[in-house]
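These notes concern the structure reproduced below.
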Amino acid sequence: MNGKFSNPPMISVRNLVKNYGNSQALRGISFQVQRGEIFAFLGPNGAGKTTAIKILTTLLRPTAGRVEIDGLDVTIDQHAVRERLGIIFQDSSLDDQLTVLENMLYHAVLYDVPRRLRGPRIEALIEVFGLGEYRHKQVRRLSGGLKRRVEVARALIHNPKTLFLDEPTIGLDPQSRNYLWAQVKQLNEREDVTVFLTTHYMEEAERFAHRIAILDQGNIIAQGTAKDLNMQTHSDTLEDSFIALTGREIRSEDNGMIDRMRQLSQLGKRK
Amino acid sequence: MKRYIRSAPRMFGTLGQPLLFFLALGFGFGPVFQRAGEGKYLEFLAPGVVGMTILFAGVFTGSELIWDRQFGFLKETLVAPVPRLTIMVGRTLGGTLLATIQGTIVMLACFLTGFRPVRWDHLPRALVFMVIIALMFTALGTVVASLVKDFQGFQVIINFLVMPMFMLSGALYPLTDIPDVLQVIAKANPLAYGVDGLRGILVARTYFGQLVDLIVMGVITAALLLFGTYQFNKIQI
Ligand SMILES: Nc1ncnc2c1ncn2[C@@H]1O[C@H](COP(=O)(O)OP(=O)(O)OP(=O)(O)O)[C@@H](O)[C@H]1O
Ligand SMILES: [Mg+2]
């Protein structure tokens, strides 16, 4: 498998630290993603996955450390880095006031998709994501899942070298989910697109990711193929490995909240 | 750059409300001023009202940046491989178009109330001035919006910046008859130059001189665009 990946790596992260004020979101993480690899970032809520993606995609500046995409420093060669990216954000990045079609056109223009390709590509994506009848509807009038479909379809309009997917399948129905993964796999296999994804669905990571890193409270606590992780934790499934690695407790910086929840459940019992 | 101008539906969607507001103001104040004994007050006021319309429209469309940021849409623009100068100029041009249209509509409304420019063939020149005023204030609105995190912050700045700018601009009264202090303040007020220029064209009455008006506004606009670009380079989401 290693033979397929030629150096240098597509994504290279060394000792990345990110502080928000006094709180540390990333505490010095390092990893590499090879060209043509599908790499998954797993971790409990608040682990720092989205923060990492924002730094990798030039939206946020690191506090310390070095991040390179295709050998380019994300804090210096921002424009060149952006030219290589496609991204599906975790939360909405659509213009509510515009229609589905307008949002997609805006994207095509931003990414300089050649004029004659714009129409056919957008129509094809609208078709496969079942957005045909909503084409001229304002995005704010769509259901949550339909919005998500627009978001996903839009990200596939241009041809990035690296695709970042931050929990791409949240809110999608099984059909759209399948189509998304089929599309991602195809891009990866046929066009050698590097994929960096986060998800809370372990089976997605198990099925599609070549390698996985588990992030917890800003640290990478394990890295490897799904098999590696299962062996390391003596588990049968990735889900079990994940829980073995990150614990059963619900993650929260504010442990008081967990206490309060315990109290609440006690109250319930007393009734 | 034209491609960043927001789509038509959105622009017209935001047009209605301010238009109503300004029309009401224009019509409502007109008779009062005339009764105050200033026979040609309407003539004096019209360029001021047009300038004011553009000021408010420009600053408020500039502020759309805050919405885009809060609702996440700004991310989509910022990750795209587009030079930050283009983003700044594109956004400003979009708002400029909207503000100019609003200014034009208010000017037409002024014609309806009986206002007549000294020379009809100078109207295109007035339009050029209106575009420059719109550019300046949309850029200003965008810059201010890039400096604050939410609408409360924006409101505060608007109250302390835009309202005084309007009140002290000479839109409502001639700058020649006011105390020296106010004259000095007016000289530091971008809107004063905009209104003065418009007034020069429409009713042949200027305080600074049209050329000075143009140069001052040009310099301010360029500075704002550059500062906005710097802000877009710095902005984090
Ligand atoms: N803008 C911000 N300001 C301050 N703290 C932030 C900000 N964004 C994120 N954080 C904090 O940084 C930490 C990591 O957040 P991040 O969004 O990266 O988590 P995540 O792994 O993506 O979680 P999830 O699975 O819920 O999406 C959290 O503790 C969060 O509270
Ligand atoms: Mg996240």
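At-a-glance table
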{"item": "Most to least packed among A:198-210, B:147-159 [average Cβ atoms within 10 Å]", "result": "A:198-210, B:147-159"}
{"item": "Exercise: per-residue mean of other protein chain Cβ atoms within 10 Å, B:60-71", "result": "1"}
{"item": "Kirkwood Rh in Å, taken over the protein assembly as shown so that all alpha-carbon pairs contribute", "result": "25.9"}
{"item": "Average silhouette area of chain A, convex hull of alpha-carbon atoms, in square nanometres", "result": "17.3"}
{"item": "Percentage, to the nearest whole number, of Cα pairs in the range A:1-155 over 22 Å apart", "result": "53"}
{"item": "Relative intensity, log₁₀ I(q)/I(0), of the range B:162-202 from a Debye sum that treats every alpha carbon as a point, q = 0.13, 0.21, 0.26 Å⁻¹", "result": "-0.22, -0.57, -0.85"}
{"item": "Per-q log10 I(q)/I(0), the range B:109-185, q = 0.13, 0.18, 0.26 Å⁻¹ (Debye; single scatterer per alpha-carbon; no solvent)", "result": "-0.64, -1.01, -1.15"}
{"item": "Mean separation of Cα contacts under 8 Å (6+ apart) over length of chain A, as relative contact order %", "result": "24"}
{"item": "When the range A:95-159 is reduced to its Cα atoms, the Kirkwood hydrodynamic radius in Å", "result": "11.5"}
{"item": "Inter-chain shielding of A:92-101 (mean C-beta neighbours from other protein chains, 10 Å cut-off)", "result": "5"}
{"item": "Average beta-carbon neighbours from other chains, 10 Å sphere, peptide A:72-80", "result": "1"}
{"item": "The range A:95-159: relative contact order in percent, alpha carbon pairs under 8 Å with at least 6 residues between", "result": "51"}
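Computed from the coordinates by the stated procedures, all read-outs in this text should not be read as laboratory data. Just so you know, these numbers come straight off a predicted model, no measurement behind them. Cβ coordinates were reconstructed from backbone atoms using ideal geometry, including for glycine residues, and neighbour counts include every protein chain displayed.
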